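Notes for the one structure printed next.
The values are calculated or read from the model by the stated rules, or taken from the named source; none is laboratory data. Remember, predicted model here, so these are calculated numbers, not experimental data. Here the Cβ positions follow ideal geometry from the backbone for every residue, glycine too, while neighbour counts run over all protein chains shown.
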Amino acid sequence: MFNSGLDVDTLSRKTVPDARFRGFVASLIAVREKRYTHKENPDMQLRGRKHVAAVGGAVLVTLLAAACSSSTTNPPASGATGGGSSPTSGSENLSGTLNASGSTFQTNFQQSAISQFKSVQSGMTVNYGGGGSGKGRTDLAGGTVNFAGSDSPIPSKDEPLFKGKKVLYFPVQIGPIAVAYNLSGVSNLKLDPKVLADIFSGKVTTWNDQEIKALNSGANLPGTKITLAVRSDSSGTTQNFSLFLQTAAGSAWTLGSSSTIKWPSTAHAASGGSGVAQVVKTTSGAIGYVDDSTAKASGLSTAMIKNKDGAFVAPSSAGATAAASAVTPKPDLTFTTVWQGGATAYPITYQSWDLVFAQQPNANDAAMLKAYIGYLLGQGQSLLEPLGLAPLPSNIDSMAKAQLDQITS
């Protein structure tokens with residue numbers, strides 16, 4: 001039988017200083033005393049105490065090495081730096097893994113940033129799983145990820161899930177929500193908030209409806225049935241698109257604003273921005289809302305939307321930047337960029353944050369989060385425009401960098 005040579009108390013207090021590992025170490029040692037049978041666990045392929053103990057010993061050795069390595073990594077010096085550089089020192093070599101999920105709006109940026117970040121911290125691994133803003137927030141509350149991407153703040157109904165823990169909001173990107181459509185022979189389509197509200201609430205059902213014609217003089221609009229492409233998952237893109245309709249269309253929009261909406265029964269729902277883009281691309285007469293970077297990557301046509309100043313503006317990085325320039329964040333760095341004024345402002349612009357617990361379980365996790373989020377707020381901002389996204393306004397970026405010092409262990 002495997003003999004650890006140490007009792008659980010010794011392992012917990014001396015060998016493994018990280019509290020997250022201690023319970024698991026104890027369970028590995030305790031497993032040597034448990035007999036597994038096919039009746040107790042039909043899927044268990046290990047037979048006999050001797051084999052279980054051997055496996056437990058091997059895992060324990062690996063775990064102890066990893067725990068000791070983690071506990072000896074020192075966090076970088078605190079303090080945000082200004083300008084375009086990352087506010088953490090690249091000379092501090094960190095090692096470990098950060099896991100994240102959430103906003104599909106962030107997916108393209110995160111993938112690009114993760115790849116480039118390897119040249120800054122080669123010993124770190126960052127995994128970003130997407131899944132939608134709602135999933136990211138739920139995963140963070142459940143402790144299964146280190147940070148969550150979210151395009152909207154935590155809804156009040158979900159706040160109890162976080163058990164009073166302080167959550168920091170780090171804005172990382174701005175971008176347009178495109179209204180993508182599939183209509184052969186029709187380009188430069190123009191739509192305004194009221195027509196969009198009537199389309200997405202099911203009141204306007206064909207492309208040659210008089211409401212659409214009135215905005216598109218001279219366009220050859222067919223009598224094709226309109227197919228709505230919407231999100232099936234809890235989505236920050238849905239939250240912000242419906243907030244735009246609620247704010248800009250007024251009484252014409254009656255479905256409210258939320259990360260999930262009860263769409264007309266004829267709508268085609270799909271998971272993630274890429275799912276909505278696929279529905280639009282493969283369905284003649286379809287219209288859907290999707291972040292512009294995904295729409296462009298999918299080769300979709302996008303409509304020009306009438307903004308607050310009365311101009312029809314196509315989705316672009318420049319239009320998103322113009323909209324965000326008018327924003328004043330709240331003290332917690334939450335804000336909204338939909339329906340902002342300005343002749344060149346794109347009216348369905350939105351933002352995305354990385355959500356992090358202020359109090360981290362150990363110094364290494366805190367250091368890694370500061371390093372990676374610091375990179376997103378520094379050098380990483382230069383990656384956004386080539387993706388069809390927009391960097392943060394300098395004042396918001398500076399406030400976010402200054403907040404990095406609040407991540408502690």
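A quick yes/no check of all residues on (1) touching a strand residue (DSSP E or B) at 6+ places or on another chain (Cβ under 9 Å); (2) buried (at least 24 other Cβ atoms within 10 Å of the Cβ); (3) of a type in the set (D, E, K, R):
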position	(1), (2), (3)
Thr336	yes, no, no
Trp353	yes, yes, no
Val356	yes, yes, no
Gln360	yes, no, no
Lys370	no, yes, yes
Ile373	yes, yes, no
Gly388	yes, no, no
Ser394	no, no, no
Ser398	no, no, no
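Residue pairs whose Cβ atoms lie under 6 Å apart, separated by 6 or more positions or on different chains, with the first residue in the range 238-258 and assigned by TED's automatic domain parsing to the domain that holds Leu191 and the second in a helix (DSSP H, G or I) and charged (D, E, K, R), are Ala249/Lys194; Ala252/Lys194. Phe312 meets each of the listed conditions (1) touching a residue at least 12 places away in the same chain (Cβ under 8 Å); (2) out of contact with any Lys or Arg (no Cβ under 6 Å at 6 or more places or on another chain); (3) not β-branched (Val, Ile, Thr) apart from (2). Residue-level check: of (1) among the hydroxyl-bearing types (Ser, Thr, Tyr); (2) in contact (Cβ under 8 Å) with a residue 12 or more places away in the chain; (3) part of a loop (DSSP other than H, G, I, E, B), Ser352 misses just (3).
Candidates in the range 107-127 are the residues that are farther than 16 Å from Ile174 by Cα, buried (at least 16 other Cβ atoms within 10 Å of the Cβ) and not β-branched (Val, Ile, Thr); of these, the one that is farthest from the chain's Cα centre (by Cα) is Gln121. Once the range 268-291 is narrowed to residues that are part of a loop (DSSP other than H, G, I, E, B) and of a type in the set (Ser, Thr, Tyr), the residue that is nearest to Leu384 (Cα to Cα) is Ser271.
How many of the residues in the range 219-267 are part of a strand (DSSP E or B), more than 20 Å from Gly131 (Cβ to Cβ) and touching a helix residue (DSSP H, G or I) at 6+ places or on another chain (Cβ under 7 Å)?
Residues of the range 219-267 part of a strand (DSSP E or B): 225, 227-231.
Filter again for more than 20 Å from Gly131 (Cβ to Cβ), leaving 225, 227-228.
After this cut, where a residue has to be touching a helix residue (DSSP H, G or I) at 6+ places or on another chain (Cβ under 7 Å) as well, the list is 228.
Qualifying residue count for the region: 1.
Among the residues in the range 212-234, are any among the charged types (D, E, K, R), outside the structural domain of Ser271 (by TED's automatic domain parsing) and under 19 Å from Gly102 (Cβ atoms)? Scanning the range 212-234, I find no residue that is among the charged types (D, E, K, R), outside the structural domain of Ser271 (by TED's automatic domain parsing) and under 19 Å from Gly102 (Cβ atoms), so the answer is no.
When the range 375-386 is examined, which residues are found to be aliphatic (A, V, I, L, M) and buried (at least 22 other Cβ atoms within 10 Å of the Cβ)? Leu376, Leu377, Leu384 - these are the residues of the range 375-386 that are aliphatic (A, V, I, L, M) and buried (at least 22 other Cβ atoms within 10 Å of the Cβ). Flag: Asp309 matches the condition of being in contact with a Gly (Cβ under 9 Å, 6 or more places away or on another chain), over 30 Å from Lys225 (Cβ atoms) and not in a helix (DSSP H, G or I). Looking at the range 119-214, the strands (runs of 3 or more DSSP E) lying wholly inside it that each contain 1 or more residues that are of a type in the set (Gly, Ala, Ser) and without any contact (Cβ under 8 Å) to a residue 40 or more places away in the chain sit at 124-131.
So that you can scan it fast, the table gives a plain yes or no per residue for (1) touching a Lys or Arg at 6+ places or on another chain (Cβ under 8 Å); (2) free of Cβ contacts under 8 Å to residues at least 24 places away in the same chain; (3) small (Gly, Ala, Ser); (4) in the same structural domain as Pro193 (by TED's automatic domain parsing):
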{"position": "Ala267", "(1), (2), (3), (4)": "no, no, yes, yes"}
{"position": "Val279", "(1), (2), (3), (4)": "no, no, no, yes"}
{"position": "Val290", "(1), (2), (3), (4)": "no, no, no, yes"}
{"position": "Ser298", "(1), (2), (3), (4)": "yes, no, yes, yes"}
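Would you point out the residue of the range 295-313, among those that are within 24 Å of the chain's Cα centre (by Cα) and modelled with pLDDT of 95 or more, that is farthest from Gln239 (Cα to Cα)? Steps first, please.
Filtering the range 295-313 for residues within 24 Å of the chain's Cα centre (by Cα) gives 295-300, 302.
Cutting the leftovers down to modelled with pLDDT of 95 or more gives us 295, 298-300, 302.
Values: Ala295: 18, Ser298: 22, Gly299: 24, Leu300: 22, Thr302: 20 Å.
Ranking the qualifying residues of the range 295-313, first place goes to Gly299.
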